[in-house]
Amino acid sequence: MSAHPTAASRLDSLPIGRFHRRMMLLVGLGMFFDSFDNTLSSAVLASMLPSGFSTLELNSLFLSATFAGLAIGAALAGWLSDRVGRGFAFQFNLALFGVLALGAAFAPNMEVLIGLRFLMAIGMGAEYVICYGLITEFFPRGHRGRYLGVLGICGGLGVSMSSLLGWVVIPTFSWRGMFVIGGVG
C-alpha cells in the first residue's frame, strides 16, 4: 500500500501565505464589527430612555430579541455554510446585519427597531460561528490556535471600541450614529 497525501495533510503542511493573511483580515474585521454591533446595545438603550424613544419594557424586549436572533443564527450557521459554502455564508450574514444596522439607524419607533434587531442578530449569530469555522478550516493545524486567538482579539477590540465610540458618538449624533457605524463597517 502506498500512502497518498490527503487534503488535510496537504493543508497542514502549507506555510502561512497571502491567502491566509487576507482571510484573517477579512474574518477579523467581520468579527470586530459583529462584536461592535452586539455590544452597542447597552449605551444605545440607556440613551433612549431619557428621550422617551423607549421604555424599560421595550429595552428588555430589544435585548431578548437580540439574544433570540443570535441563538437562531448560531444554530443555522453550520447548515447554511455547508449548503452554500463558508465564504458565501460569511458574506451573506455580514451583509444581512450590515444592511439592517443601517435600517435600524432610521427606525421610526422602538417596535420597528426591535424587529430589525432580531433579524440583525440572526446574521450576527451566524457570523460568530462562521468566522471561527473559516479559521479552523483553512489554516494549518500548527497555526490555528494563534489565529483563533487573533480572532478573539478582534472581537474584544470591537467590544471596547463600541463602548469608547458610544461615549463620543451618542451625545453628539444620538444613538442612531452607532448603528450607522456598525452598518457601514
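The values are calculated or read from the model by the stated rules, or taken from the named source; none is laboratory data. Note that this is a predicted model, so its numbers are computed, not measured. Neighbour counts are summed over all protein chains in view; Cβ atoms, including those assigned to glycine, are modelled from backbone coordinates with ideal geometry. The protein model used for the area step is the full one, side chains on, heavy atoms only, and it has no ligands, DNA or RNA in it. Shrake-Rupley method; radii C 1.70, N 1.55, O 1.52, S 1.80 Å.
Here are some notes:
- With respect to (1) more than 20 Å from PHE97 (Cβ to Cβ); (2) touching a residue at least 60 places away in the same chain (Cβ under 8 Å); (3) of a type in the set (Val, Ile, Thr), the lone exception for THR136 is condition (2).
- Cβ separations smaller than 8 Å between residues 6+ apart or across chains give the following pairs from the range 143-165 residues that are under 23 Å from PHE19 (Cβ atoms) to residues that are among the acidic types (Asp, Glu): GLY155/ASP34.
Residue-wise test of (1) modelled with pLDDT under 90; (2) more than 22 Å from PRO50 (Cα to Cα); (3) touching a Phe, Trp or Tyr at 6+ places or on another chain (Cβ under 6 Å).
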position: GLY78; (1), (2), (3): yes, yes, no
position: VAL84; (1), (2), (3): no, yes, no
position: GLY87; (1), (2), (3): yes, yes, no
position: LEU94; (1), (2), (3): yes, yes, no
position: VAL99; (1), (2), (3): no, yes, no
position: ALA104; (1), (2), (3): no, no, yes
position: LEU113; (1), (2), (3): no, no, no
position: ALA121; (1), (2), (3): no, yes, no
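- Restricting the search to helices (runs of 4 or more DSSP H) fully inside the range 100-185 and requiring at least 2 residues that are over 14 Å from VAL27 (Cα atoms) and polar (S, T, N, Q) gives 141-173.
- Residue among PHE92, PHE88, PHE67 that alone is open to solvent by 30 Å² or more (accessible area, probe 1.4 Å), in a helix (DSSP H, G or I), of a type in the set (Phe, Trp, Tyr) and farther than 30 Å from PHE19 by Cα: PHE67
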